[in-house]
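The values are calculated or read from the model by the stated rules, or taken from the named source; none is laboratory data. All figures in this text were calculated on a predicted structure; none of them were measured in a lab. For neighbour counting, all protein chains shown are included, and Cβ atoms are generated from backbone atoms with ideal geometry for every residue, glycine included.
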Amino acid sequence: MANSDSCWQSKVRLRSLASVVGRKDVLDIDKPLRGVKVGALFQWLGLFSRTGHCMKPQQFEMQRLREGLDISMSITPQQSDLYALLEGRYSVRGFTEQVIEKDLLETIFQKAQQAPSNCNTQPWQAYVISGERCRSFAKSLAEAVVSGAPSKPDFDVTLGFFDEYRQRQVDCAYALYGSMGIERGDKAGRGAAMLRNYDFFGAPHVAFIAMPKSFGIVNALDVGIYLQTLNLVMESYGVSSCIQGALAYYPDLVRKELGLPEDDSMQILCGISFGYEDTHHAANKTRTVRAELAENVAFYD
């Protein structure tokens, strides 16, 4: 087990790998390892050399090439980690009070800077509020929304969902409200659930994401790439998050909190509430599904 532990830190990753290569008959994600010798499995997958030592990805690829084997579907440790992040991540809407240490916080945002962008323009701007100040702003923002403060987003937030897009939105709402025990006709319950956006779901951290007001959709695409990168970096460090379009609805209140002028050159695009998941919160039982590949991707030969 020593060699396998040096490659992966948990059986979960090992099971994820077996799942990816289509060997669910060997490993079942919901069951313990069934008498499988882990070292033998890794060698079967091509990740151990014949001497039993864990190979680096480059060594792995070279050995497969020397043996004349097809490496097009080879799974490296890095790929397995990425797949585990993509498949394991979900939006969290309930957090503990535990604050992320400053060094880790800076590390997360530093690594997210590796996100690619058009001509390397890096048009994103993140405003991160933490700890007591975050909770204080959440309280005042939620109170402002309840009191009827006007919503004046920096850009057109009309959603305009239709057909399958509208259906996916409805399905998502059913999943969330169902997890929280809120019936369809319970307007008060739904209103309270919506208001939790402005409490940052109890998170001890929130980041408001902006870009220059003069920029358009091309630059917004870059910001979206940054958001995904930031999201996955957080997940890799065990930090949960929820990207919220609702946090773009009151940019004037955000600028006031940050001490920015009303005519600031940056437009607030969204917010991210983040921290450590409260695993007992009902909202965090929510899971959504993804469309079949053919619904979103067309291949042409």
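Does segment 280-289 include one or more residues that are among the charged types (D, E, K, R) and more than 28 Å from T96 (Cβ to Cβ)? Break it down stepwise before answering.
The first filter runs over segment 280-289 and keeps only residues among the charged types (D, E, K, R), leaving 285, 287.
Checking which are more than 28 Å from T96 (Cβ to Cβ) leaves us with none.
Checking segment 280-289: not a single residue is among the charged types (D, E, K, R) and more than 28 Å from T96 (Cβ to Cβ).
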Fill in: Selection count, segment 240-261, where residues are surrounded by fewer than 20 Cβ atoms within 10 Å (Cβ to Cβ), more than 16 Å from D156 (Cα to Cα) and either of a type outside the set (K, R) or in contact with an Asp or Glu (Cβ under 6 Å, 6 or more places away or on another chain) (or both)
7
Practice prompt. Consider only pairs whose beta carbons are under 8 Å apart and that are at least six residues apart or on different chains; among these, list those whose first residue lies in segment 131-156 and is within 12 Å of P251 (Cβ to Cβ) and in contact (Cβ under 8 Å) with a residue 24 or more places away in the chain and whose second residue is surrounded by fewer than 16 Cβ atoms within 10 Å (Cβ to Cβ) and not acidic (D, E).
Written response: D154/K213
Worksheet item: Out of segment 76-100, which residues are within 13 Å of H281 (Cβ to Cβ) and either under 12 Å from the mean Cα position of the chain (by Cα) or crowded, with 16+ Cβ neighbours inside 10 Å (or both)?
Response: Y90, S91, V92, R93, G94, F95, T96
Response to the item:
The correct count of residues that are out of contact with any Leu (no Cβ under 9 Å at 6 or more places or on another chain) and part of a helix (DSSP H, G or I) in segment 93-133 is 12
Discussion item. If I ask for residues that are over 22 Å from G191 (Cβ atoms) and under 23 Å from the mean Cα position of the chain (by Cα), which ones from segment 122-163 would you list?
Written reply: Q122, P123, W124, Q125, A126, Y127, V128, I129, S130, G131, C134
Worksheet item: In the set G181, G185, which member is in contact with a helix residue (DSSP H, G or I) (Cβ under 8 Å, 6 or more places away or on another chain) and in a loop (DSSP other than H, G, I, E, B)?
Response: G181
Worksheet entry | Any pair with Cβ under 8 angstrom, 6 or more apart, that starts in segment 215-226 at a residue that is hydrophobic (A, V, I, L, M, F, W, C) and ends at one that is modelled with pLDDT of 95 or more and loosely packed, with under 14 Cβ neighbours inside 10 Å | V218/N118; L221/N118; I225/P116
Worksheet item: Could we say that A126 is modelled with pLDDT of 95 or more and touching a strand residue (DSSP E or B) at 6+ places or on another chain (Cβ under 6 Å) here?
Response: yes
Discussion item. Take the conditions farther than 25 Å from P150 by Cβ, in a helix (DSSP H, G or I) and either touching a His at 6+ places or on another chain (Cβ under 8 Å) or among the charged types (D, E, K, R) (or both) and apply them to E257. Does it pass?
Written reply: no
Fill in: Residue list for segment 231-251, restricted to those being assigned to a helix (DSSP H, G or I) and of a type outside the set (S, T, N, Q)
L232, V233, M234, E235, G245, A246, L247, A248, P251
Worksheet entry | Residues (exposed (fewer than 13 other Cβ atoms within 10 Å of the Cβ) and among the charged types (D, E, K, R)) located in segment 144-161 | K152, D156
Fill in: Filter result (within 14 Å of the chain's Cα centre (by Cα), charged (D, E, K, R) and surrounded by 15 or more Cβ atoms within 10 Å (Cβ to Cβ)) within segment 269-301
E277
Worksheet item: Just a yes or no: is a residue in segment 208-230 at pLDDT 95 or above, closer than 21 Å to E143 by Cα and either part of a helix (DSSP H, G or I) or among the aromatic types (F, W, Y) (or both)?
Response: yes
